[in-house]
Amino acid sequence: MKSSKREWRGIHHSWSFSPQTFRWSGEMISGINFLPIATNMRAWMLQQGQLSLMSFEHSREKGGLTNPYTKSGITLSLIMASVIDHSYAYAQNIETSHNALDSEIERLRIYNELLLYSARLIEVVVKQLLYCTQIP
């Protein structure tokens, strides 16, 4: 007789925050060593916020971000924003000079860039989180 309950075979590994999770100013914690790139991207797409730049205030000397994936994440979010802007402009601009083949090639290029940069942005956010995680 089969049980109606699902048998879970996976396990949940214990984890904790690593020392790199926090930004330090001397011996004091000055913040978390994580930039919410996905949250910023969502706010930007809803036209409710700005995308981050790596500014002087984020420098390592002033208790700034030391997560090695932050700079890549910021760069990828800016590239993704550019691709989104371009896709919107292309959808709104009806050019009579493009034939059907050129239009389809451009549509595929934009689609592939959106797909590529979406995956890369997710990857860098996950890496940023893993950098802050310690699995014993």
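Read-outs: derived from the displayed coordinates by stated rules, not from any lab. As the structure is a computational prediction, the values presented were derived from the model and not from experiment. Virtual Cβ from ideal backbone geometry, glycine too; neighbours counted across all protein chains shown.
Ratio to report: Rg/Rh of the chain, with Cα atoms as the point set and Rh obtained by the Kirkwood method; give two decimals.
Values: Rg = 21.0 Å, Rh = 18.2 Å.
Value, to two decimals: 1.16.
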Test of understanding: in a Gaussian network model of the chain with alpha carbons linked when under 10 Å, which of 112, 67, 33 would top the mean-square fluctuation ranking? 112
The chain, Gaussian network, Cα under 10 Å: of 98, 12, 86, the residue fluctuating most is 12
Region 63-136 and region 7-53 have their Cα centres apart by a whole-number Å value of 19 Å
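Helix-derived [θ] at 222 nm for the chain: sum -39500 (n - 2.57) over DSSP H runs of at least 4, divide by residue count, nearest 500? Write out the running numbers ahead of the final one.
Details: 3 runs with 64 residues, N = 136.
Estimated from H runs of four or more residues: -16500 deg cm²/dmol.
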Under 5 Å from the placed amide H of residue 23, counting only residues 5+ away or on other chains, we find 30, 31, 32, 33
Between residue 129 and residue 28, what FRET efficiency follows from the Cβ-Cβ distance if R0 is 35 Å, with the result rounded to 0.05? 0.90
Any idea what the dipole of the chain comes to, in debye rounded to 20, about its Cα centre with Lys/Arg Cβ at +1 and Asp/Glu Cβ at -1? 800 debye
With springs only between Cα atoms under 10 Å apart, run a GNM on the chain and tell me which of 32, 105, 84 wobbles the most. 105
